Amino acid sequence: MKKSMQKKRTAQGRVVPSVKARRSDRWLIIGVAVFLVLVAAGVAYALTAQDKGDVVPGAGSEKSKGSATAQVVVEEYADFQCPACRRFFDTTARQLEKEYVSTGKVKFVFRHYAFLGQESRWAAEAAECANDQGRFWDYYDKLFTEQGGENVGVFSKPNLQRFAAELGLDAARFNQCLTSGKYTASVFADINQAASKGVRGTPTLFVNGRSVDRGSDYAVLRQAIEAALSAD
C-alpha cells in the first residue's frame, strides 16, 4: 500500500511539459547547435588559413566614423541581413551621428557578426572589398538600403558586384576581391572574436568596451554615452 501511494505521489508531482514548451526547447537546442557549428567552422577556416601562411587579423582595417581622439567609442556588432540592424541604421545610428559623432564626442566603429547565413558572410566580405577602395560606409549604406529576406538571393555575389558597380567602385578590383575569398577567413575571425566577447545577437552595442543592454534603443545608448562622457 505504501509503495503504491509513493508511486502515485511521484506521478502526480511530475510536471509534463506542454507541446509548446517542448517545441521551444527544441528550437533553442537547434539554435545553439547552429551557433556552435558556425563558430567551429570559423575556427577551422582560420586555422587552415594560418597553416597556409595567410594573415587572419579580423576583417580589414577599422571601419569607423568620427574623431580618432573622441572621448567615447561606440562599437556596433551587426549582420547586414538582420532586420533589427536595418532599424538601427534607419534610426539610432542617424541620431548618434548627428548628436555625437559629428560633434567629435564619439567615434563609431562597425564590427561584423555575420551569423545569419552564407549571404551574411558574403555581404560582410563585400563590405571589406569596398573598404579596400575607401568606400566602406557607402557600401554599408547600400547593403542596408537593399536588405531583403534572409538568404533568398538578395546578397548573392552577382548582386553584391552590381551594388559595387552602381556605387562607382572599380568593378574589376572589387570582383576579384570578392570572388577570391580574400576576406573569408577574416570575417570568420570577426565572428569568433565577437562570440568571445559575449555577442549572441545583432545589433549589439558597446560603449568604451562595455556591452549596453538594449543599446539599439537611442535613449538607452544616449544614457550610456553621457555616463561615459561624465566619467572622464
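Within region 144-180, how many residues are at pLDDT below 95 and within 14 Å of residue 128 (Cα to Cα)?
Total meeting the criteria: 0.
Would you confirm whether or not region 170-190 contains a residue that is part of a loop (DSSP other than H, G, I, E, B), touching a strand residue (DSSP E or B) at 6+ places or on another chain (Cβ under 8 Å) and farther than 17 Å from residue 78 by Cβ?
Within region 170-190 (the criterion being part of a loop (DSSP other than H, G, I, E, B), touching a strand residue (DSSP E or B) at 6+ places or on another chain (Cβ under 8 Å) and farther than 17 Å from residue 78 by Cβ), the answer is no, since none of the residues qualifies.
Filter region 83-115 for residues that are surrounded by 19 or more Cβ atoms within 10 Å (Cβ to Cβ) and aliphatic (A, V, I, L, M) and give the result.
Within region 83-115, 93, 96, 101, 106, 114 qualify.
Of the residues 157, 182, 197, which is of a type in the set (D, E, K, R) and out of contact with any helix residue (DSSP H, G or I) (no Cβ under 8 Å at 6 or more places or on another chain)?
197
Just checking, does region 142-158 include any residue being aromatic (Phe, Trp, Tyr), assigned to a helix (DSSP H, G or I) and under 25 Å from residue 221 (Cα atoms)?
The answer is yes, given that some residue of region 142-158 is aromatic (Phe, Trp, Tyr), assigned to a helix (DSSP H, G or I) and under 25 Å from residue 221 (Cα atoms).
Just checking, does region 199-214 include any residue being assigned to a helix (DSSP H, G or I), free of Cβ contacts under 8 Å to residues at least 24 places away in the same chain and surrounded by fewer than 18 Cβ atoms within 10 Å (Cβ to Cβ)?
Among the residues of region 199-214, not one is assigned to a helix (DSSP H, G or I), free of Cβ contacts under 8 Å to residues at least 24 places away in the same chain and surrounded by fewer than 18 Cβ atoms within 10 Å (Cβ to Cβ), which makes the answer no.
Taking residue 130 as meeting all but one of (1) touching a Lys or Arg at 6+ places or on another chain (Cβ under 8 Å); (2) at pLDDT 95 or above, write down the number of the exception.
(1)
Give 164, 127, 195 a once-over and let me know the one that is surrounded by fewer than 20 Cβ atoms within 10 Å (Cβ to Cβ), assigned to a helix (DSSP H, G or I) and of a type in the set (A, V, I, L, M).
Details: 164 fails: surrounded by fewer than 20 Cβ atoms within 10 Å (Cβ to Cβ); 127 fails: surrounded by fewer than 20 Cβ atoms within 10 Å (Cβ to Cβ).
After ruling out the rest, the residue left standing is 195.
Which ones in region 122-152 are touching a residue at least 60 places away in the same chain (Cβ under 8 Å), charged (D, E, K, R) and under 18 Å from residue 108 (Cα atoms)?
128
So that you can scan it fast, the table gives a plain yes or no per residue for (1) of a type in the set (A, V, I, L, M, F, W, C); (2) touching a Lys or Arg at 6+ places or on another chain (Cβ under 6 Å):
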| residue | (1), (2) |
| --- | --- |
| 84 | yes, no |
| 87 | no, no |
| 97 | no, no |
| 104 | no, no |
| 108 | yes, yes |
| 121 | no, no |
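The values are calculated or read from the model by the stated rules, or taken from the named source; none is laboratory data. Given the structure is predicted, the values throughout are model-derived calculations rather than measurements. In this analysis, Cβ positions are derived from the backbone assuming ideal geometry, glycine residues included, and neighbour counts consider all displayed protein chains.
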